[in-house]
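The values are calculated or read from the model by the stated rules, or taken from the named source; none is laboratory data. All figures in this text were calculated on a predicted structure; none of them were measured in a lab. In this analysis, Cβ positions are derived from the backbone assuming ideal geometry, glycine residues included, and neighbour counts consider all displayed protein chains. Quick note on the areas: whole protein, heavy atoms, side chains included, nothing else; ligands and nucleic acids left out. Shrake-Rupley method; radii C 1.70, N 1.55, O 1.52, S 1.80 Å.
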Amino acid sequence: VPATADREHEAAIELLLLVMVADHHIGSAEIDEIRTISEDQGFESDTFSFDQYLGQAVARVRTALSEPDGVDGLHHAVR
């Protein structure tokens, strides 16, 4: 199911961003590495694009880090 696969790809990218943003900074080399992982794992499709989702993912991760239990919210959104 493409929608489920897309949500799994989004969750994987959010997790990678969460780990990389733990120091409250993310550099272009880190973004490039996540992009490479996304490409290597075959995430790119007609319905999913890393570059189109990146901004939303960064916003979701930053929001999660700024709210009590926000990281748990990211986890539960995947279920």
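Data table
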{"quantity": "Approximate spin-label separation H25-A59, in nm, with each point projected 7 Å along Cα-to-Cβ", "calculated": "2.5 nm"}
{"quantity": "Exposure ranking of T47, T36 by accessible area [1.4 Å probe, largest first]", "calculated": "T47, T36"}
{"quantity": "Solvent-accessible area of S45 with every protein chain in place, 1.4 Å probe, in Å² to the nearest 10", "calculated": "60 Å²"}
{"quantity": "Dipole axis of the chain (+1 Lys, Arg; -1 Asp, Glu on Cβ), positive-most option in S38, S28, P68", "calculated": "P68"}
{"quantity": "Under 13 Å, Cβ to Cβ, from I31 - net charge with Lys/Arg +1 and Asp/Glu -1", "calculated": "-4"}
{"quantity": "Å² of accessible area per residue within the chain, as computed with a 1.4 Å probe and no ligands counted", "calculated": "64 Å²"}
{"quantity": "Accessible surface of the chain [probe 1.4 Å, protein heavy atoms]: carbon and sulfur percent", "calculated": "53 percent"}
{"quantity": "Cut-off 11 Å, label 7 Å out along Cα→Cβ of T47, residues of segment 1-24 by amide N", "calculated": "1-8"}
{"quantity": "Accessible surface ranking that places the most exposed of I13, I37, I31 first, with a 1.4 angstrom probe", "calculated": "I37, I31, I13"}
{"quantity": "Debye, to nearest 20: dipole size of segment 18-79, +1 on Lys, Arg Cβ, -1 on Asp, Glu Cβ", "calculated": "240 debye"}
{"quantity": "Heavy-atom accessible area order for V21, V58, largest first, 1.4 Å probe", "calculated": "V58, V21"}
{"quantity": "For the chain, calculated [θ]222 nm from helices alone, where every DSSP H run of n ≥ 4 adds -39500 (n - 2.57)", "calculated": "-24000 deg cm²/dmol"}
